[in-house]
Amino acid sequence: MEDYRMWRHIFKLDPNKPIDDESLEKICESGTDAVIVGGTDDVTLDQVLDLLARIRRYEVTCILEVSNLSAVTPGYDFYFIPMVLNTENPKWLIDYHQQAVKEYGEFIEWEELKAEGYIMLNPESKAYQWTDSKQVTDEDVIAYAQVAEHLMHLPFVYMEYSGTYGDVKLVERVSEELDQSLLIYGGGITTKAEARDMARHADIVVVGNIIYENLNAALRTVHAVHSVEKIKGGK
Ligand SMILES: CC(C)=CCC/C(C)=C/CC/C(C)=C/CC/C(C)=C/CC/C(C)=C/CC/C(C)=C/CC/C(C)=C/COP(=O)(O)OP(=O)(O)O
Ligand SMILES: O=P(O)(O)OC[C@@H](O)CO
Ligand SMILES: [Mg+2]
């Protein structure tokens, strides 16, 4: 399904983690709205190409989340571009992006690129540490989300708890602030109940690590997310 404003559930595959054909088929045929290929570091072109070729056997929408320029290839449906809002180093917010556009601008199909305003919320995660993120209060998070929507007009705000389950109340508060930007929640989902609780407030729920730990549990999150209505939001 390519109308991303309708998406509710996404699986995120880590190019650095092996996945066998049977498991990949179950992920792609699960009824999820899209599959993201993305990891923080050590993502190689070979891994990104391998997953692209294997996911393309199925009809599911396929997204590359760009974390390093040497691992970008044509052929994905969308390219999601992380911009880290709570970083202390502007290279993760804007500088790598400016350099990438300077170098590859003529090859870019802008319609395929979607910026994600990341708010890193798990200080223990690799993504948080890699991007020099800083700790934030709940009020900071809400203000970052408002900046993303009203000043930056980003299509997505991503509350990233990678590796740990987040704060449902805070996700609800951020959701109440957003009218145009879609709220993505990601981090620590292992059960149907956890998936449902976040799907009540986030527009899109991303499920990652549990794919590699308990595939059946991961698969159950698809129906769990699709079975609940989002409670509020101007969209
Ligand atoms: C030929 C062709 C198709 C050209 C296409 C043109 C194109 C797409 C050009 C790119 C344009 C552009 C603006 C690129 C951006 C360049 C760039 C490198 C930006 C920096 C992005 C960034 C902030 C990366 C930091 C890491 C990050 C936020 C990754 C997101 C994924 C994530 C959070 C994974 C989860 O991490 P975690 O679980 O903690 O860690 P593991 O890796 O262990 O899973
Ligand atoms: O791997 P988990 O903890 O499910 O998080 C999903 C995703 O938000 C990671 O970028
Ligand atoms: Mg991970």
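Quick notes
- As computed over the stretch 27-103, the Cα convex hull volume per residue (Å³): 100
- Beta bridges per DSSP, both residues in the stretch 1-147: antiparallel share near 5 percent.
- Taking amide H as placed 1.01 Å from N in the peptide plane, the amide H of LYS114 sits under 5 Å from that of TYR79, PHE80, ILE81, each at least 5 places away or on another chain.
- Rounded to whole numbers, the Karplus 3J(HN,Hα) couplings from phi for the stretch 95-105 are 6, 4, 5, 5, 5, 5, 5, 4, 7, 10, x Hz, using 6.51 cos²θ - 1.76 cosθ + 1.60 with θ = phi - 60°, and x at Gly and Pro.
- Ratio Rg/Rh [Cα only; Rh per Kirkwood] for the stretch 120-235: 0.96
- Residues ARG5, ARG56, ranked from the fewest to the most other C-beta atoms within 10 Å, line up as ARG5, ARG56.
- Placed amide H near THR61: partners under 5 Å, 5+ positions off or other chain: VAL35
- Legend: ranking of residues VAL72, VAL101 from fewest to most surrounding C-beta atoms inside 10 Å; resulting order VAL101, VAL72.
- Convex hull volume of the chain per residue (C-alpha atoms, cubic angstrom): 111
- The length gained on full extension between ASP140 and LYS91, counted as 0.36 nm times the residue separation minus their Cα-Cα distance, comes to 15.6 nm.
- Computed from label points 7 Å out along Cα-Cβ, the spacing between ALA193 and TYR165 is 0.7 nm.
- Between LEU49 and HIS226, the modelled label-to-label distance comes to 3.4 nm, taking each label 7 Å out from Cα in the direction of the beta carbon.
- Here each label is just a point 7 Å from Cα along the line to Cβ, and for ASP42 and VAL147 those points are 3.1 nm apart.
- Calculated log₁₀ intensity ratio I(q)/I(0) where the Debye formula runs over C-alpha points of the stretch 62-193, q = 0.17, 0.21 Å⁻¹: -0.94, -1.35
- Taking 0.36 nm per residue of separation and subtracting the current Cα-Cα distance, fully stretching the chain between ILE108 and TYR212 would add 34.2 nm.
- Result for the chain in a Gaussian network model with C-alpha springs under 10 Å: among VAL136, VAL37, VAL225, the largest mean-square fluctuation is at VAL136.
Just so you know, all these numbers are worked out from the coordinates, no wet-lab data involved. Note that the structure is a prediction, hence the values are computed from the model and not measured. Note that each Cβ is placed from the backbone with ideal geometry, even for glycine, and that neighbours are counted across all protein chains shown.
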